[in-house]
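Undergrad: Mind looking over this structure? Questions follow.
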Amino acid sequence: MAISNAARSDTGYNDAGKLIFRVTFGVLILLHGIAKITGGLGFIAAALEKAGVSEGFGYLAYIGEVIAPLFLILGAWSRVAALVIAINMIVAVMLAHTGQLFSLAPSGGYELELQAIYLFGAVSLALMGAGSYSLAGRHGHWN
C-alpha cells in the first residue's frame with residue numbers, strides 16, 4: 001500500500017514537532033542538572049534526610065537531570081530517558097512540594113504548573129518516542 005504525499009508530509013511535521021519538543025524539553029531539564037552540578041545537592045540531601053532517606057540517593061538527581069536529558073536531546077533511548085525524568089519529577093514533588101499539590105498561585109494559576117509541565121511532558125515523550133529525527137531513528141530500540 002502506497003503512502004500518499006499528505007501522509008508523508010504529516011509524518012514529517014510530526015517528527016519535526018517531536019524533535020523540537022524533545023530537544024527543548026531536554027535542554028530545559030539539563031539546565032536544572034547543570035545548576036545542581038555547579039551548586040551542589042545540598043537542598044536535595046537535606047530534603048532526603050528529612051524524609052528519612054539516605055542523602056546518597058540525591059546523586060540520582062544527576063541521572064534524572066543530566067544523563068536522561070542528554071539522551072533525550074540526542075534521541076537515543078528516548079522513552080526510557082523520559083520515564084527517568086518523570087520519576088525524577090515525582091520524587092521532586094514528593095520531597096519538596098506536597099503542600100502545594102492542591103494550591104493555586106496568587107496569580108490564579110496552579111502552584112506547581114512548572115512541575116506538572118515537566119512531569120506530563122516527560123510522560124508524553126515516553127508515549128510518543130523520539131521520531132525519525134533522532135540518533136536512533138524512529139525504529140531505534142526504546143526510541
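Undergrad: Taking the condition of being surrounded by 15 or more Cβ atoms within 10 Å (Cβ to Cβ), small (G, A, S) and over 10 Å from the mean Cα position of the chain (by Cα), how many residues in the stretch 48-77 meet it?
TA: Residues meeting the conditions: 4.
Undergrad: Among the residues of the stretch 107-139, write down those that are touching a Leu at 6+ places or on another chain (Cβ under 7 Å) and either open to solvent by 40 Å² or more (accessible area, probe 1.4 Å) or in a strand (DSSP E or B) (or both).
TA: Across the stretch 107-139, the qualifying residues are Y110, E111, Y133, L135.
Undergrad: Report, by residue number, each residue of the stretch 85-106 that is within 21 Å of A47 (Cα to Cα) and open to solvent by 50 Å² or more (accessible area, probe 1.4 Å).
TA: I87, I90, V91, M94, L95, T98, G99, Q100, L101, F102 - these are the residues of the stretch 85-106 that are within 21 Å of A47 (Cα to Cα) and open to solvent by 50 Å² or more (accessible area, probe 1.4 Å).
The values are calculated or read from the model by the stated rules, or taken from the named source; none is laboratory data. Since the model is a prediction, treat every value here as computed from it, not as a measurement. Counting neighbours? That spans all protein chains shown, and the Cβs are built from the backbone with ideal geometry, glycine included. Remember, those area values only see protein heavy atoms, side chains included, never the ligands or the DNA or RNA. Shrake-Rupley method; radii C 1.70, N 1.55, O 1.52, S 1.80 Å.
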